[in-house]
Amino acid sequence: MRLPLLVLPLLSGCFLLPLPGKLPPLDRDTDLTADTDANVPDTDAPSDDDGGPTGGGDTDVAIDTDPAPDTVCYIGPLRDRAACFPVVPKGAWGADWDWPASSDAQYLSPTHFLDLDAIAADADLAPNFVLAEFAAAYKGQWAVVAPKLVEHLQDVRDALGGPLTVTSGFRNPAYNAGVGGVEFSRHIYGDGVDLDTNATDLNGLADACTGESADYIGYYADHIHCDWRDDALEPAFFGAAGPIVVAHRPEPRFAAELITGDVWTTTASGWDEGEPLREWTAEDADGVVLLTARGDTFTPPPGTARVTVVVGREIRLSDAP
């Protein structure tokens, strides 16, 4: 039986709804529970203990400058910058979400956030990274993850040719303080991370961050901290950014003292993310290197005339047995 012609226009307007779900990401680097910063505070403050270079941020990372309103976009699994997510304006969320005041234009308080309760933890931000590797809901519902950080880390991973583990990403100010982080940690601005990898050693990992123009690198016994604090802030989180104004940053407060004996070690203060990397060298009376090693302690071999240790790539100490 034929339908009346009057019904045909209604049928012609029908459409198919997409099926739920999505294709899996091309690759994933880490278990989504890899964040270990509950035991790893940090030292990357703008005011007293960076010990790293300032200024000269990377400016050649192209980011979509015209996203939809209240949206932030990442490079995504296909590198087409189509991984876009809504951001919400900051609400009356309590003191946990009060950012420290600063005269430095790179240390603004964010105005918008990702709502982690509204976005899947396994949402793909890049070919090898998902949201949960940068921001975990158990630390708080809202997060800031800089698109440039994600792109830098994808490039670091590509350079290494193997998995890259983000052991600590975004922290809100209260969570950061609770794990021993300093007030102006770049973790609270969404462009600083702690990293580990099995694709190279920590030197190789630091070199890869240097190759991506990281503005500060911290050397620790079991991880590297890399941040891009002088990259332009993401407008979706921080609003329209003005010119970069690098505020005065006093000398770092790192300190160490060499302790000699049958087994040598050092004291260390100012490294708030854990034990700093210690690199030891033993030389004979002619300056010939007898032994090099890394570790919290060092036993000089027979014939040693001088021992040198570099602590966290910040302090160099030397003495004779």
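The values are calculated or read from the model by the stated rules, or taken from the named source; none is laboratory data. All values derive from a computational prediction rather than experimental measurement. Positions of Cβ are backbone-derived with ideal geometry, glycine not excepted, and every protein chain shown enters the neighbour counts. Areas reflect the complete protein model, heavy atoms only, side chains present, ligands, DNA and RNA absent. Shrake-Rupley method; radii C 1.70, N 1.55, O 1.52, S 1.80 Å.
Does the stretch 139-150 hold any residues that are assigned to a helix (DSSP H, G or I), more than 13 Å from Ala214 (Cβ to Cβ) and modelled with pLDDT of 95 or more, and which are they?
Pro147, Val150
Give all pairs with beta carbons closer than 6 Å in which a residue from the stretch 111-133 that is within 18 Å of Arg81 (Cα to Cα) meets a residue that is modelled with pLDDT under 95 and surrounded by fewer than 19 Cβ atoms within 10 Å (Cβ to Cβ); count only pairs at least 6 apart in sequence or on separate chains.
From the stretch 111-133, the pairs are Asp124/Pro25; Pro127/Leu26; Asn128/Asp27.
Take the residues in the stretch 261-286 that are assigned to a loop (DSSP other than H, G, I, E, B) and modelled with pLDDT of 95 or more, then tell me which one is least open to solvent (accessible area, probe 1.4 Å).
Among them, the one singled out is Asp284.
List every residue pair whose Cβ atoms sit under 8 Å apart, with the two residues 6 or more apart in sequence or on different chains, where the first one lies in the stretch 277-290 and is touching a residue at least 40 places away in the same chain (Cβ under 8 Å) and the second, anywhere, is open to solvent by 40 Å² or more (accessible area, probe 1.4 Å) and in a loop (DSSP other than H, G, I, E, B).
Correct list of pairs: Leu277/Ala221; Leu277/Arg313; Arg278/Ala221; Arg278/Asp296.
Give me the pairs, please: first residue somewhere in the stretch 194-213 and touching a residue at least 12 places away in the same chain (Cβ under 8 Å) and closer than 21 Å to Asp272 by Cα, second residue anywhere and open to solvent by less than 30 Å² (accessible area, probe 1.4 Å) and of a type in the set (D, E, K, R), beta-carbon distance under 8 Å, and either six or more positions apart or on two chains.
Filtered contacts from the stretch 194-213: Asp194/Asp37; Asp194/Asp42; Asp194/Glu273.
May I ask you to list the residues in the stretch 109-133 that are open to solvent by less than 30 Å² (accessible area, probe 1.4 Å) and among the polar types (S, T, N, Q)?
Listed by number, the list holds a single entry, Asn128.
Return a yes/no flag: does the stretch 85-107 have any residue that is within 17 Å of the chain's Cα centre (by Cα), crowded, with 19+ Cβ neighbours inside 10 Å and not acidic (Asp, Glu).
Within the stretch 85-107, one or more residues are within 17 Å of the chain's Cα centre (by Cα), crowded, with 19+ Cβ neighbours inside 10 Å and not acidic (Asp, Glu).
Only one of Gln154, Gln141 is without any contact (Cβ under 8 Å) to a residue 60 or more places away in the chain and either within 16 Å of Gly76 (Cα to Cα) or open to solvent by 40 Å² or more (accessible area, probe 1.4 Å) (or both); which?
From the options Gln154, Gln141, the qualifying one is Gln141.
Only residues that are outside any loop (DSSP other than H, G, I, E, B), within 19 Å of Ala255 (Cβ to Cβ) and open to solvent by 80 Å² or more (accessible area, probe 1.4 Å): list them for the stretch 298-321, please.
Arg316
Of Ala105, Ala118, Ala132, which residue is farther than 19 Å from Pro173 by Cα and either small (Gly, Ala, Ser) or assigned to a loop (DSSP other than H, G, I, E, B) (or both)?
Matching residue, one of Ala105, Ala118, Ala132: Ala118.
Any residue that is at pLDDT below 95, out of contact with any Gly (no Cβ under 7 Å at 6 or more places or on another chain) and under 18 Å from His187 (Cα atoms) - is there at least one of those in the stretch 288-311?
Scanning the stretch 288-311 turns up no residue that is at pLDDT below 95, out of contact with any Gly (no Cβ under 7 Å at 6 or more places or on another chain) and under 18 Å from His187 (Cα atoms).
Is it the case that the stretch 287-294 has a residue that's of a type in the set (Val, Ile, Thr), open to solvent by 40 Å² or more (accessible area, probe 1.4 Å) and within 31 Å of the chain's Cα centre (by Cα)?
Yes: one or more hits.
Output yes when any residue across the stretch 64-84 is under 25 Å from Glu273 (Cα atoms), surrounded by fewer than 23 Cβ atoms within 10 Å (Cβ to Cβ) and modelled with pLDDT of 95 or more, and no when none is.
no
Can you name the residue in the stretch 165-207 that is of a type in the set (D, E, K, R) and open to solvent by 20 Å² or more (accessible area, probe 1.4 Å) and is also modelled with the lowest pLDDT among such residues?
Once the filter is applied, the top-ranked residue is Glu183.
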